Amino acid sequence: MRYIFITGGVVSSLGKGILAASLGKLLQARGYRVTIQKFDPYLNVDPGTLNPYEHGEVFVTHDGAETDMDLGHYERFLGIQTTRDHNVTTGKIYQTIIERERQGEYLGKTVQVIPHVTDEIKRRFTLLGQKDPYDIIITELGGTVGDIESLPYIEAARQLHYELGPLRVLFVHLTLIVYLEATRELKTKPTQHSVRELQRTGVQPDVLVCRTQQPLPKALRAKIALHTNVPKEAVIQALDVPTIYQVPFQLRKEKLDEVVLRRFRLPYRGEPDLTQWQIFIERLQNPQQSVRIALVGKYVELHDAYKSIHEALIQAGGWHATRVEIEWINSGDLTSENIERRLKGVQGILVAPGFGERGFTGKLLAVEYARVRHVPFLGICLGMQIAVVEFARNVLNWKEAHTTEIDPHTLYPVIDLMEEQRKVTEKGGTMRLGAYPCEIRRGTLAWKIYQKSPIYERHRHRYELNNRYVPALEEAGLIVSGRYKEKDLAEIIELRGHPFFIGVQFHPEFQSRVEAPHPLFEAFIAAALRYHPD
Ligand code: GLN
């Protein structure tokens, strides 16, 4: 088992997640068993309770953990499934230690950052390998080198390197080469400083990956190498590219995978097999057509809040050689006066997941627009719930129909709290989370899309379609086409007589892969391509 640690320097948001996923992909494509985990230095036990503005999307794993959105990149790039053990936070580390302390496991001892916190971090670094026989475990360390809160992680990684030796532990440092527009110069000083900072903690990076706007000349690479003690061939350039899907190819060209394997004394095993990926990227970059999709949500200013949905749309479009033009529509801005103008010309409407009241009316209007005009519609989680409310209000004429999340006293609680949620008071990790089987009714749109039953999709919600109203809804043309048998929960709804109107209580976006787009998103894009707005 080998370990690769990825640290970041100079600034945040350089794309450590994409780097980890791309390196992982290259090694996997050479036949190595690879997985990737993320360690985050904040004190929340998980990001589940964070506002998307703080931290982007919350990614849900198959086993029901609420995790960092970088895990989405790992899954999409490698086609793997991550687990609750793939994302560790400082909150989780301290929680474990404090629980142990209370149980008396450290009896008589002072509990300290070193060795107790670092030991627990090391235990977590190596945990995945104890369950599955990976060849290489990549660990992305969140934060930027020099942050106080990252120190215990770097120290623990240093210790692991000391204990296992350089043939088994390797450090990749992602850094930024600054380009000065005025003098048209590339500047390496911030990189030198960030490597120094790392060295001060006892870690010598083995590989530097340099984000840069302009190609790095050889002389500059030599200069960086000289100042940082990193071999010249391990100073890798990561030039800005138009799409993240090019990054694996770009790093391949720079021989990042070979540098890593050589350093581990592992065989190259021939060229990495990226055939499928290649086909995808060729179609993505040579689109034959384009399609306009409205993404209606309340966090649209921050695209990261809908990362997986965005990627699922791009991936489905890419495979159709279609450029997906996303119109980011803030549901809070939609009114009955402007909706016509705002949605004019879109070929598909996706109403996003969400929580709470803000933006509800705008989403309701968007659903109505899609239903009445036969625009292809995909409602995800809250988007599905609002589709039910809209139908109850405007088709069944139950004007007060609502979800009890917003109006607990509504006369028609068509969306209501799940029975098992009624006694829940704690917020963290208590929703219906993770994958559940869904039985699909034959002869429905859902069946046409999935062509099998049951399917497994991931959840993250507390409310559900109230079964009491299903007979009336079905009578009026809203079909429940997917159900979770065991608890008798409605998972998929669609509309009789509408070319493509589907709402799902789960989050299909978490299972879209670069090499295998999600059938629901594919079908949505295909339907949008068939739709011609007047
Ligand atoms: N707020 C809704 C619920 O809890 C929907 C959640 C979501 O869209 N992820 O049921």
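Suppose every Lys and Arg Cβ carries +1 and every Asp and Glu Cβ carries -1, with no other charges. What dipole size does the stretch 109-252 come out with about its Cα centre, to the nearest 20 debye? Write down the numbers at each step before the final one.
Values: 18 positive and 15 negative charges, 80 e Å.
So the dipole magnitude of the stretch 109-252 works out to roughly 380 debye.
DSSP loop trypsin sites (Lys or Arg not before Pro) in the stretch 153-191 with at most 11 other Cβ atoms within 10 Å of their Cβ, which ones?
Working: sites: Arg158, Arg168, Arg184, Lys187; in loops: Arg168, Arg184.
Here the trypsin sites (Lys or Arg not before Pro) that fit, given the DSSP loop and packing criteria, are Arg184.
How big, in percent, is the set of alpha carbon pairs in the stretch 1-55 lying more than 13 Å apart? Please list the in-between numbers first.
Working: 1034 of 1485 pairs.
Result: 70 percent of Cα pairs exceed 13 Å.
Kirkwood Rh, the stretch 353-458, all Cα pairs: how many Å? Could you put the intermediate results ahead of the total?
Values: mean 1/r = 0.0640 Å⁻¹.
By the Kirkwood definition, the hydrodynamic radius is 15.6 Å.
Which value, in Å³ per residue, describes the convex hull spanned by the Cα atoms of the stretch 123-164? Write down the numbers at each step before the final one.
Numbers: hull volume 3.4 nm³, N = 42.
Hull volume over Cα atoms, normalised by residue count, gives 81 Å³.
Assuming R0 = 35 Å, can you tell me the calculated FRET efficiency for the pair Lys427 and Arg373, based on Cβ-Cβ distance, to the nearest 0.05? Please report the intermediate quantities before stating the final value.
Numbers: r = 39 Å, r/R0 = 1.10.
The pair Lys427/Arg373 has a calculated efficiency of 0.35.
Mind ranking 423-432, 220-229 by how tightly packed they are, going by the mean number of other C-beta atoms within 10 angstrom, highest first? Kindly include the intermediate steps, with their values, before the conclusion.
Numbers: 423-432: 11.7, 220-229: 16.6.
Per-residue Cβ counts within 10 Å, averaged per peptide and sorted highest first, yield 220-229, 423-432.
Along the stretch 317-332, what does the Karplus equation 6.51 cos²θ - 1.76 cosθ + 1.60 (θ = phi - 60°) give for ³J(HN,Hα), rounded to whole Hz, x for Gly and Pro?
Working through the residues one at a time gives x, x, 5, 8, 6, 10, 7, 8, 9, 8, 9, 7, 10, 6, 4, x Hz.
Once the Cβ-Cβ distance between Thr110 and Asp147 is put in as r, and R0 is 25 Å, what FRET efficiency do you end up with, to the nearest 0.05? Before the final figure, lay out each step's value.
Numbers: r = 25 Å, r/R0 = 1.01.
Using R0 = 25 Å, I get an efficiency of 0.50.
Under a cut-off of 26 Å between alpha-carbon atoms, report the lysines in cross-link reach of Lys427, not counting same-chain residues fewer than 8 places apart.
Of all the lysines, those that pass the test against Lys427 - Cα under 26 Å, at least 8 places apart if same chain - are Lys38, Lys92, Lys298, Lys307, Lys363, Lys487.
Could you compute the FRET efficiency for Ala219 and Leu411, with r as their C-beta to C-beta distance and R0 at 60 Å, rounded to 0.05?
On the way: r = 75 Å, r/R0 = 1.25.
Given R0 = 60 Å and the Cβ-Cβ separation, E is 0.20.
Taking the Cβ of Asp273 as the center, what net charge do the other residues with Cβ under 15 Å away carry, scoring Lys and Arg +1 and Asp and Glu -1? Numbers along the way, then the final one.
Values: positive: Lys25, Arg30, Arg33, Arg252, Arg269; negative: Asp257, Glu271, Glu515.
My count for the surroundings of Asp273 gives +2.
Give, as a single signed number, the net charge of other residues whose beta carbon lies under 13 Å from the beta carbon of Gly48, with Lys and Arg counted +1 and Asp and Glu -1.
Working: positive: Arg84, Lys92, Lys427, Arg432, Arg460, Arg462; negative: Asp40, Asp46, Glu54, Glu57, Glu66, Asp68, Glu426.
That sum, taken over residues with Cβ under 13 Å, equals -1.
What angle, in degrees between 0 and 90 and rounded to the nearest 10, separates the Cα long axis of helix 151-164 from the longest principal axis of the Cα atoms of the chain?
Helix 151-164 sits roughly 60 degrees off the main axis of the chain.
Per residue, how much space in cubic angstrom lies within the convex hull of the C-alpha atoms of the stretch 217-348?
Numbers: hull volume 21.1 nm³, N = 132.
With only Cα atoms used, the stretch 217-348 gives 160 Å³ per residue.
Cα-based Rg of the stretch 125-204 per 2.2 N^0.38 Å, rounded to two decimals?
Here the Cα radius of gyration is 1.35 times the empirical estimate.
Please identify every one of the GluC sites (Glu not before Pro) in the stretch 114-185 that sits in a loop by DSSP and has no more than 16 other beta carbons within 10 Å of its own beta carbon. Walk me through the numbers on the way to the answer.
Numbers: sites: Glu120, Glu140, Glu149, Glu155, Glu163, Glu181, Glu185; in loops: Glu181.
Loop-located and lightly packed - Glu181.
Between Glu419 and Gln278, what length in nm is gained on full extension when 0.36 nm per residue of separation is reduced by their alpha carbon distance? Write down the numbers at each step before the final one.
On the way: separation 141, 0.36 × 141 = 50.76 nm, distance 4.75 nm.
Length difference between fully extended and current span is 46.0 nm.
Based on DSSP, what percent of beta bridges with both residues in the chain are antiparallel, to the nearest 5? Could the numbers behind the result be given before it?
Values: 26 of 78 bridges.
Here the share of antiparallel DSSP bridges comes out near 35 percent.
Pull out the extension gain between Thr96 and Arg262, defined as 0.36 nm times the separation in residues minus the alpha carbon to alpha carbon distance; nm, one decimal.
On the way: separation 166, 0.36 × 166 = 59.76 nm, distance 3.72 nm.
So the chain would gain 56.0 nm between Thr96 and Arg262.
Rounded to whole Å and ordered largest first, report the semi-axes of the equivalent ellipsoid of the stretch 439-501 derived from its Cα gyration tensor (root of 5λ).
Values: eigenvalues 61, 56, 20 Å².
Calculated on Cα positions only, the semi-axes equal 17, 17, 10 Å.
Which number do you get for Rg(Cα) / (2.2 N^0.38 Å) in the stretch 158-296? Mind showing how you got there, number by number?
Numbers: Rg = 18.2 Å, N = 139, 2.2 N^0.38 = 14.3 Å.
So the stretch 158-296 has a normalised radius of gyration of 1.27.
Taking a quarter of the surface of the convex hull around the Cα atoms of the stretch 338-401, what do you get in nm²? Kindly include the intermediate steps, with their values, before the conclusion.
Details: hull surface 16.9 nm².
Mean projected area of the Cα convex hull: 4.2 nm².
If you wrap a convex hull around the Cα atoms of the stretch 253-310, how much volume per residue is inside, in Å³? Could the numbers behind the result be given before it?
Details: hull volume 9.0 nm³, N = 58.
Given the Cα convex hull of the stretch 253-310, per-residue volume reads 156 Å³.
Would you mind computing Rg(Cα) / (2.2 N^0.38 Å) for the stretch 466-525, counting N as its residues? Show your work: numbers first, answer last.
Numbers: Rg = 13.4 Å, N = 60, 2.2 N^0.38 = 10.4 Å.
That works out to 1.28 for the stretch 466-525.
Along each principal axis of its Cα atoms, how long is the chain end to end? Whole angstroms, biggest number first, please.
Projected onto its principal axes, the Cα set of the chain covers 73, 63, 44 Å.
Name the long-range amide H neighbours of Val414: under 5 Å, sequence gap of 5 or more, or other chain; modelled H, no Pro or chain starts.
For Val414, whose amide H was placed from the backbone, the distant partners under 5 Å are His402.
Would you please name the GluC sites (Glu not before Pro) within the stretch 474-504 that are DSSP coil residues with at most 11 other C-beta atoms within 10 Å of their C-beta? Show your work: numbers first, answer last.
Working: sites: Glu474, Glu475, Glu486, Glu491, Glu494; in loops: Glu486.
In loop regions of the stretch 474-504 (DSSP not H, G, I, E or B), the sparsely surrounded GluC sites (Glu not before Pro) are Glu486.
Points 7 angstrom from Cα along the Cβ direction at Thr126 and Thr335: gap in nanometres?
Simple spin-label model gives 6.3 nm for this pair.
I'd like the orientation of helix 16-28 relative to the chain: the angle between its Cα long axis and the longest Cα principal axis, in ° from 0 to 90, rounded to 10.
That helix lies at roughly 80 degrees to the long axis.
To the nearest 10 degrees, how steep is helix 118-131 against the longest Cα principal axis of the chain, on a 0 to 90 scale?
Between the helix axis and the principal axis of the chain, the angle is about 70 degrees.
Readers should treat all values here as calculations from the given coordinates under stated rules, not as data from a laboratory. It should be emphasised that the depicted structure is a prediction, and the values quoted were computed from it without experimental measurement. All Cβ positions, even for glycine, are placed from backbone atoms using ideal geometry, and neighbour counts span all protein chains on display.
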